[in-house]
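The values are calculated or read from the model by the stated rules, or taken from the named source; none is laboratory data. Just so it is clear, the structure is predicted and the values come from calculations on it, not from any experiment. All Cβ positions, even for glycine, are placed from backbone atoms using ideal geometry, and neighbour counts span all protein chains on display.
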């Protein structure tokens, strides 16, 4: 891949974990292909590698369930493009009390209305699905046959591959040291190998991003300035500018 960055990219994504590679993938597939991902070490070397990779649809809100369904669609697309998808194993949610059983059935009713497949199980119906389980003391369970898991590392590499095939560029071993501010917004970054101007900068780092914020709540920027950060408190990461690419390469900023 090399580690000499271009002088400019329309969107600069900082961080080569699953969030950064997914950002590049979704932008590229929507027509915004001038995307540069910068990773200070190797892809998935940060917090991505130890993610469990569980993909479950039993979520408390409609919005969260919609996100999971969209994620499943991405997995199916990745499998068609790269051969890497997710393993459909199903999940079983167990109840050992009457209150928990009522909660699980209510949740199953809600998700079934949205088209998510569920199956209500009596205790003696659970063990055939998972023979190692002792059903003694269980009231019942709910089976979600479409759930599964994906390997976080393999998924990230598949997203990166698909993004590159669509035109995005990914540089590993290229550490970002500063954000470059214009008009109060971060419009580029400085790396150990040189500066990169960007129309948009997306911070997809986690623990590694803290080193940019020496002494304050903004990105540490060239010239001693700091970019504004939405929110307050030390645990809020910078949100500089988010871009959603639309067909034809157009873009829309969301506040």
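Please identify the pairs in which a residue from the stretch 70-84 that is over 13 Å from residue 160 (Cα atoms) has its Cβ atom under 7 Å from the Cβ atom of a residue that is surrounded by fewer than 17 Cβ atoms within 10 Å (Cβ to Cβ) and modelled with pLDDT of 85 or more, counting only partners at least 6 apart or on another chain.
none
Just to verify a result, which residue in the stretch 111-128, among those that are surrounded by 15 or more Cβ atoms within 10 Å (Cβ to Cβ) and touching a residue at least 24 places away in the same chain (Cβ under 8 Å), is nearest to residue 75 (Cα to Cα)?
Per the stated criteria, the residue is 116.
Conditions (1) modelled with pLDDT under 90; (2) within 17 Å of residue 151 (Cα to Cα); (3) within 25 Å of the chain's Cα centre (by Cα), marked per residue:
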position: 64; (1), (2), (3): no, no, yes
position: 81; (1), (2), (3): yes, yes, yes
position: 90; (1), (2), (3): no, yes, yes
position: 99; (1), (2), (3): no, no, no
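For residue 136, only one of the following conditions fails: (1) over 25 Å from residue 82 (Cβ atoms); (2) touching a helix residue (DSSP H, G or I) at 6+ places or on another chain (Cβ under 9 Å); (3) surrounded by 14 or more Cβ atoms within 10 Å (Cβ to Cβ). What is its number?
(3)
Need at least 2 residues that are assigned by TED's automatic domain parsing to the domain that holds residue 43 and within 30 Å of residue 9 (Cβ to Cβ) per element, so show me which strands (runs of 3 or more DSSP E) inside the stretch 66-183 make the cut, counting only ones lying wholly within it. Give the derivation first.
Values: elements: 91-95, 119-121, 140-144, 169-171, 176-182.
Strands (runs of 3 or more DSSP E) meeting the threshold: 169-171, 176-182.
Please find, among 23, 44, the residue that is within 13 Å of the chain's Cα centre (by Cα) and under 19 Å from residue 179 (Cβ atoms). First the steps, then the outcome.
Numbers: 44 fails: under 19 Å from residue 179 (Cβ atoms).
Exactly one residue qualifies, and that residue is 23.
Output the residues belonging to the stretch 131-146 that are under 28 Å from residue 66 (Cβ atoms) and modelled with pLDDT of 95 or more.
Step one: list which residues in the stretch 131-146 are under 28 Å from residue 66 (Cβ atoms), which gives 140-146.
Once the filter is applied, which keeps residues that are under 28 Å from residue 66 (Cβ atoms) and modelled with pLDDT of 95 or more, the stretch 131-146 yields 140, 141, 142, 143, 144, 145.
Just need a number here: residues in the stretch 1-29 that are in a loop (DSSP other than H, G, I, E, B), within 13 Å of residue 189 (Cα to Cα) and touching a strand residue (DSSP E or B) at 6+ places or on another chain (Cβ under 6 Å).
Taking the stretch 1-29 and keeping what is in a loop (DSSP other than H, G, I, E, B), we get 1-7, 15-17.
Checking which are within 13 Å of residue 189 (Cα to Cα) leaves us with 5-7, 15.
From the residues that got through so far, the ones that are touching a strand residue (DSSP E or B) at 6+ places or on another chain (Cβ under 6 Å) too are 5.
Here the count works out to 1.
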